[in-house]
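In what follows, a single structure is set out as structure tokens and then discussed.
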Protein chains: 2
Amino acid sequence: MMQPAVESVRSSRVDRLFHALGDANRRRMVSHLAERPASVSELAAVLAISKTAIGQHLAVLEEAKLASSTKLGRVRTCQFDPAGLAPLQDWIDYHRQEWNERLNRLDDLISGIVSNEDCA
Amino acid sequence: MMQPAVESVRSSRVDRLFHALGDANRRRMVSHLAERPASVSELAAVLAISKTAIGQHLAVLEEAKLASSTKLGRVRTCQFDPAGLAPLQDWIDYHRQEWNERLNRLDDLISGIVSNEDCA
DNA sequence: CCCTCAGTGAAGCTTTGACTTCACTAACTT
DNA sequence: AAGTTAGTGAAGTCAAAGCTTCACTGAGGG
């Protein structure tokens, strides 16, 4: 639903993802949907904001592939899509790894120093 | 450095964290710092923005505990703090778990149906 | 058929956020 | 001492983001 005519300004997938989760209300939506699917009205009631606002947040979440929705009759049911979190997890893993490599290089350096001392 | 006089508007730790990573330039800073520490000037050169802007981004990253910095002489050296990613990981894990529980409940339901069919 | 309820599009409001420039301080260099 | 160079504070600009209200469509219920 509510796909923008033009591709979003946010270029990358990761960008859309982090931006989507950067808003507290959208995270609350995700948290709620992670427990059970919900309609727009229900989400509006829970977050205490207008249905219009929910619709806007939903569009952002769907662009980030964190949620999906289908309309049956007049009610739209929104769902959480956990697979959408994958790129986020990848980003974290990547930076954790970078860090570990830094530690490893440090270890090597220290080992070198130690062995030098042993030689002395 | 640059601690705000008043506590940030962003209340929770998770909030600050997601918001900090919601900006592409700040993520680039983190990526760069994950490889090696860098000065403000170096980051400004890499990202092609003013040193002032780097200072502002740095403040946000430090508030989110994703980075730290120390000034030696006139140069400030910035460092990535990987431990700051923990709450982010926790958030993901939590929502993955919620999802799994949903799947389990679904499994139980299906099992119920199946055994009913078996009885029929 | 009329009424209500769920959701949407359009517009506009207000705040936040990401920069910049300018001016200034403090630390090296020569 | 004089000239760079690194970083900062203050202020201002500009666009994006989060909401709201209003008007309207369409589905269901009496």
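The values are calculated or read from the model by the stated rules, or taken from the named source; none is laboratory data. Predicted model, so just to flag it, every value in this text is computed and none were measured. With ideal geometry, Cβ positions are generated from the backbone for all residues, glycine too; neighbour counts draw on all protein chains shown. Each accessible area value is taken on the protein alone, full model and side chains, heavy atoms only, with ligands, DNA and RNA left out. Shrake-Rupley method; radii C 1.70, N 1.55, O 1.52, S 1.80 Å.
Report the residues of the range B:17-37 in range of a label on B:GLN56: point 7 Å along Cα→C-beta, backbone N strictly under 16 Å from it. Counting only backbone N, you get B:20-27, B:29. Counting only residues at least eight positions apart within a chain, or on another chain, the lysines with an alpha carbon under 17 Å from that of A:LYS51 are A:LYS71.
Among the residues of the range B:37-85, those with an accessible-area drop of 40 Å² or more from chain alone to full protein complex, heavy atoms and 1.4 Å probe, are B:PHE80, B:PRO82, B:LEU85. Given R0 = 51 Å, the distance between the Cβ atoms of B:LEU109 and B:ALA45 translates into a calculated FRET efficiency of 0.30. In this entry, the range B:13-81 is assigned a mean projected area of 4.1 nm², taken as a quarter of its C-alpha convex hull surface.
If the segment from A:THR70 to A:ARG28 were pulled out straight at 0.36 nm per residue, it would be longer than the present Cα-Cα gap by 13.1 nm.
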